[in-house]
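*Asks:* So that we are looking at the same thing, I have put the structure below in structure tokens.
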Amino acid sequence: EPGAPVLHVTRVRYVDDEPIAIERIALPADLVPDLVPTDMESGNLYQLLRKRYGITVSDAVQTMEPAVTNPEQAELLDVPVYAPILQIERLTRDTTGRLVELTNSVYRGDRYRLTTHLRFDDQSG
């Protein structure tokens with residue numbers, strides 16, 4: 001609902017001790033009471049939502065586009081300013097259709113690759 005409290009989480013993801021992504025997550029605060037920073041340091045957010053809060057995510061709309069780092073992103077990712085990144089926005093809903101997450105992420109362009117599995121049927125264009 002408009003005006004409802006939102007919990008904002010920012011985390012830097014690492015692989016082999018090297019930063020590869022910055023995630024900025026917004027969660028409706030009333031859905032995740034008592035969530036603390038250490039809850040977000042390891043593991044899977046969706047498993048945490050399911051196990052602790054009884055929230056099962058079901059679908060998301062995700063938009064991806066190329067971009068370049070700004071000074072803050074460059075510092076967090078340990079790359080030069082204007083380095084290539086993949087910018088991703090995801091809006092996630094649970095099994096009841098309720099909005100449970102808005103995430104804006106940036107992934108280092110030199111360390112990340114996307115693979116997509118496509119399925120086709122007789123209705124595909």
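The values are calculated or read from the model by the stated rules, or taken from the named source; none is laboratory data. This is a predicted model, so every value here is computed, not measured. Note that we place each Cβ from the backbone using ideal geometry, even for glycine, and neighbour counts take in every protein chain shown. Side chains are part of the model used for accessible areas, which takes the heavy atoms of the whole protein and leaves out ligands, DNA and RNA. Shrake-Rupley method; radii C 1.70, N 1.55, O 1.52, S 1.80 Å.
*Asks:* Applying the selection to the range 68-98, what residues are more than 21 Å from Arg11 (Cβ to Cβ) and open to solvent by less than 60 Å² (accessible area, probe 1.4 Å)?
*Replies:* Asp94, Gly97
*Asks:* Which of (1) among the polar types (S, T, N, Q); (2) modelled with pLDDT of 95 or more; (3) not in a strand (DSSP E or B) does Gln87 not meet, given it meets every other one?
*Replies:* Single failed check for Gln87: (3).
*Asks:* Could I ask something else about it? Quickly run through the range 96-113 and pick out the residues that are over 15 Å from Ala67 (Cα atoms) and not in a strand (DSSP E or B). If you could, list the steps in order and put the result at the bottom.
*Replies:* The initial filter retains those residues of the range 96-113 that are over 15 Å from Ala67 (Cα atoms), namely 96-103.
Those that are over 15 Å from Ala67 (Cα atoms) and not in a strand (DSSP E or B): Thr96, Gly97, Arg98.
*Asks:* Applying the selection to the range 23-38, what residues are among the charged types (D, E, K, R), within 13 Å of His8 (Cα to Cα) and either open to solvent by less than 70 Å² (accessible area, probe 1.4 Å) or not in a helix (DSSP H, G or I) (or both)?
*Replies:* Start the filter on the range 23-38 by keeping residues that are among the charged types (D, E, K, R), which leaves 23-24, 30, 34.
With the extra rule that they be within 13 Å of His8 (Cα to Cα), the set shrinks to 23-24, 30.
Hits for the range 23-38 are Glu23, Arg24.
*Asks:* Against the definition (at pLDDT below 95, out of contact with any helix residue (DSSP H, G or I) (no Cβ under 6 Å at 6 or more places or on another chain) and not polar (S, T, N, Q)), how does Val68 come out, yes or no?
*Replies:* On the way: at pLDDT below 95: no; out of contact with any helix residue (DSSP H, G or I) (no Cβ under 6 Å at 6 or more places or on another chain): yes; not polar (S, T, N, Q): yes.
When the stated conditions are applied, Val68 does not pass them.
*Asks:* Suppose we filter the range 98-125 for residues that are over 30 Å from Asp78 (Cα atoms) and either of a type outside the set (D, E, K, R) or in contact with a Phe, Trp or Tyr (Cβ under 8 Å, 6 or more places away or on another chain) (or both); how many remain?
*Replies:* Within the range 98-125, the subset over 30 Å from Asp78 (Cα atoms) is 98-100, 117-125.
Keeping just the survivors that are either of a type outside the set (D, E, K, R) or in contact with a Phe, Trp or Tyr (Cβ under 8 Å, 6 or more places away or on another chain) (or both) gives 99-100, 117-118, 120, 123-125.
Count: 8.
*Asks:* With Gly54, Gly125, Gly43, Gly109 as the choices, which residue is under 30 Å from Ala4 (Cβ atoms) and modelled with pLDDT under 95?
*Replies:* On the way: Gly54 fails: modelled with pLDDT under 95; Gly125 fails: under 30 Å from Ala4 (Cβ atoms); Gly109 fails: under 30 Å from Ala4 (Cβ atoms).
Sole residue among the options that is under 30 Å from Ala4 (Cβ atoms) and modelled with pLDDT under 95: Gly43.
*Asks:* Take Asp16 and tell me if it is open to solvent by 60 Å² or more (accessible area, probe 1.4 Å), among the charged types (D, E, K, R) and without any contact (Cβ under 8 Å) to a residue 12 or more places away in the chain. Give the derivation first.
*Replies:* Working: open to solvent by 60 Å² or more (accessible area, probe 1.4 Å): yes; among the charged types (D, E, K, R): yes; without any contact (Cβ under 8 Å) to a residue 12 or more places away in the chain: yes.
Yes, satisfied.
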